[in-house]
1. Could you give the length gained on full extension between E88 and L102, defined as 0.36 nm per residue of separation minus the Cα-Cα distance, in nm?
2. To the nearest 0.05, how large is the calculated FRET efficiency for S115 and D61 if R₀ is 22 Å and r is the Cβ-Cβ distance?
3. Taking the Cα atoms of the chain alone, what are Rg (to one decimal) and Dmax (as a whole number) in Å?
4. If you keep only loop residues by DSSP, which trypsin sites (Lys or Arg not before Pro) in the range 44-115 have at most 16 other Cβ atoms within 10 Å of their Cβ?
5. Can you work out the FRET efficiency for the pair E46 and Q1, with r the C-beta to C-beta distance and R0 = 30 Å, to the nearest 0.05?
6. How large, in percent, is the carbon and sulfur part of the accessible surface of the chain at a probe radius of 1.4 Å?
7. Restricting everything to alpha-carbon atoms, can you work out Rg to Rh for the range 52-95 with a Kirkwood hydrodynamic radius?
8. For the range 1-64, what is the convex hull (Cα atoms) projected area averaged across all directions, in square nanometres?
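The values are calculated or read from the model by the stated rules, or taken from the named source; none is laboratory data. Quick caveat, the model's predicted, so the values are computed rather than measured. We place every Cβ from the backbone using ideal geometry, glycine too, and count neighbours over all the protein chains shown. What goes into the accessible areas is simple: the full protein's heavy atoms, side chains included, and nothing from ligands, DNA or RNA. Shrake-Rupley method; radii C 1.70, N 1.55, O 1.52, S 1.80 Å.
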Amino acid sequence: QVRLVESGGGLVQPGGSLRLSCAASGIIFRLYTMDWYRQVPGKQRELVASISSGGSQNYADSVKGRFTISRDNAKNTVFLQMNMLKSEDTAVYYCHAGLGPLQYWGQGTQVTVSS
């Protein structure tokens, strides 16, 4: 059974930082591209950051320079370090694992940026 379990969300003030984690099980983690998406009510889910099996990273323009994605293949975990958070970063953040037709999602973790 494949499981992606996110953690690390919460309430933070503008300008603050959070680190999201996603622990994977049931997949050969090192082979998968791992992504973080986010979604706000009434809007489509959007790709925030992606890291390939080889470690190549891509970011949405809105988070470049503020967010960093990384992975620890020994621990089957992907991270999203979020700095200089803004109110518009408020969303449910989802972990995603992809390898060809194999696509898996986590349950999501809420991030709220508010004073």
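1. That works out to 2.0 nm of additional length.
2. 0.30
3. According to the Cα coordinates of the chain, Rg and Dmax are 13.3, 41 Å.
4. In loop regions of the range 44-115 (DSSP not H, G, I, E or B), the sparsely surrounded trypsin sites (Lys or Arg not before Pro) are R45, K64, R66, K75, K86.
5. Efficiency computed from Cβ-Cβ geometry: 0.60.
6. 48 percent
7. Ratio of gyration radius to Kirkwood radius for the range 52-95: 0.98.
8. That works out to 5.7 nm², a quarter of the Cα hull's surface.
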